[in-house]
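**Student:** Got a structure for you, written out below as structure tokens; questions coming shortly.
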Amino acid sequence: MTCTKCSGLMVKDHLLDMKESYLPMWMQALRCLTCGNIVDPLIHYHRTVQRARMATRLGTRLAQTAVRPVQAA
Ligand SMILES: [Zn+2]
């Protein structure tokens, strides 16, 4: 997998979540070796949902333009 910011190599990393959790919690995430961009499962989920919504909207727009009747001159 490549980084969405710099196209660098993403590797699995184990991160310690100290702020969001009541107890310190380890989580697995992807970290870019070049720029340090981190993608954890929650970030990945939100980006996937956002892409799906955009694809749905785009598909709807394409369908509307494809169905639009041609006006006679
Ligand atoms: Zn990067």
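Every read-out reported here was derived from the displayed coordinates using simple, explicitly stated rules and does not represent laboratory data. The model shown is predicted, which means the values in this text are computed figures rather than measured ones. Positions of Cβ are generated from backbone atoms using ideal geometry, with glycine treated the same way; all protein chains shown enter the neighbour counts.
**Student:** Name all residues of the stretch 37-56 having a backbone nitrogen under 19 Å from the label point set 7 Å from the Cα of Met25 along its Cα→Cβ direction, giving them as ranges.
**Tutor:** Residues 38-47 qualify, since their backbone N sits under 19 Å from the label point.
**Student:** Can you sort Lys5, Lys12 by how many other beta carbons sit within 10 Å, fewest first? If you can, show how the numbers build up before the last one.
**Tutor:** Values: Lys5 12, Lys12 9.
So the ranking, lowest neighbour count to highest, is Lys12, Lys5.
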